Amino acid sequence: MGRSFLHALQFLTRLPVPAMTAVDERDAGRSLLWYPLVGLIIGLALAALGWMLAGAPPLLRAALVLAAWVAITGALHLDGLGDSADAWMGGLGSRERTLAIMKDPYCGPGAVVVLVMVLLIKFAALAGILVAGDWTLLLLAPVLGRVALPLLFLTTPYVRPGGLGSALARHLPRRAGMAVVLASVLGVAVAMGKSGVVSLAGAAAMFLVLRAVMLRRIHGTTGDTAGAMVELIEASVLVSVAIA
């Protein structure tokens with residue numbers, strides 16, 4: 001249990017954790033059960049930073065919180081978003097071409113445009129949330145973005161054998177995974193009230209749309225598309241809360 005949590009924290013963040021030289025596939029799969037908790041840790045760090053910057057101009061606060069967000073996560077999911085954007089635009093509807101482009105390490109114009117747009121949307125939504133002064137709202141996007149990952153692997157085929165998420169998908173305990181997802185969703189709704197329900201609606205809508213798009217194009221998911229889902233769900237949650 002401890003090893004799987006540390007693996008989740010080490011993989012999803014750049015926070016200092018005890019070095020783990022070897023993680024077996026079973027621990028890797030079970031680490032997905034801890035993803036919502038890691039999201040909560042990220043959210044608490046962002047909320048603390050937002051609170052400490054209370055006297056700063058709103059736009060500067062939003063920029064610093066967003067920069068900290070990217071730094072804490074090491075831009076892990078932004079990388080997946082960029083690769084997925086390039087693949088979808090350059091794949092021209094072909095499954096094989098889309099999967100091949102996702103493996104290309106270079107960043108094309110499609111990736112740049114999508115990354116800038118998503119970061120801009122996050123920045124604008126953060127500015128509105130920080131002006132409202134409810135720091136707890138900053139917990140919602142990191143948590144729900146990471147709740148989506150075990151749900152995605154539980155419900156969607158992983159299509160790249162030997163890929164980064166292959167062991168995660170293969171060794172994720174199904175019953176425990178679904179219990180974690182349901183408990184996380186219920187916890188958000190109960191703890192956050194109206195804001196929680198609104199954020200859940202935004203996250204659910206984005207999840208269903210993205211999953212359908214993945215199934216149509218590549219018949220499943222990959223590590224890159226999973227990362228893209230995290231970023232887009234986070235953005236949809238921030239927007240939902242900011243305009244509610």
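The values are calculated or read from the model by the stated rules, or taken from the named source; none is laboratory data. Fair warning: this is a prediction, and the values are worked out from it, not measured in the lab. All Cβ positions, glycine included, derive from the backbone under ideal geometry; neighbour counts span all protein chains shown. These area figures cover heavy atoms from the full protein model, side chains too; ligands, DNA and RNA do not enter into them. Shrake-Rupley method; radii C 1.70, N 1.55, O 1.52, S 1.80 Å.
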Local net charge near E231, Cβ-Cβ under 14 Å (Lys/Arg +1, Asp/Glu -1): -2
Taking 8 Å as the Cα distance limit and 6 or more residues as the minimum spacing, I'd like the relative contact order of segment 184-244 as a percentage. 43
Segment 145-177-segment 41-66 distance, computed between alpha-carbon centres (Å): 32
Report, in debye and to the nearest 20, how large the dipole of the chain comes out about its Cα centre when Lys and Arg carry +1 and Asp and Glu carry -1 on their Cβ. 480
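Hey, could you get me the Stokes-Einstein D for segment 67-154, Kirkwood radius over alpha-carbon pairs, 10 °C and 1.306 mPa s, rounded to whole µm² s⁻¹? Each step should come with its number before you reach the end.
Working: Rh = 14.8 Å.
Value of D from the Cα-based Kirkwood radius: 108 µm²/s.
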Carbon and sulfur atoms account, in whole percent of the 1.4 Å probe accessible area of the chain, for 71
Anyone know which of L53, L139, L149 comes out most mobile in the 10 Å Cα GNM of the chain? L53
Measuring with a 1.4 Å probe in the full set of protein chains, what accessible area per residue, in whole Å², belongs to segment 194-244? 38
Restricting to DSSP H runs of at least four residues, report the calculated mean residue ellipticity at 222 nm for the chain, -39500 (n - 2.57) per run over all residues, nearest 500 deg cm²/dmol. -25500 deg cm²/dmol
So what is the relative contact order for the chain, in percent, with contacts set as C-alpha pairs under 8 Å and at least six apart? 28
Express the C-alpha Rg of segment 97-244 as a ratio against the empirical globular expectation 2.2 N^0.38 Å, rounded to two decimals. 1.09
The chain, Gaussian network, Cα under 10 Å: of A183, A111, A47, the residue fluctuating most is A183
Under the 0.36 nm per residue contour assumption, what length would be gained going from the current alpha-carbon distance of I243 and V116 to full extension? 43.6 nm
For segment 79-150, what does the accessible surface come to per residue with a 1.4 Å probe? Please give it in Å². 43
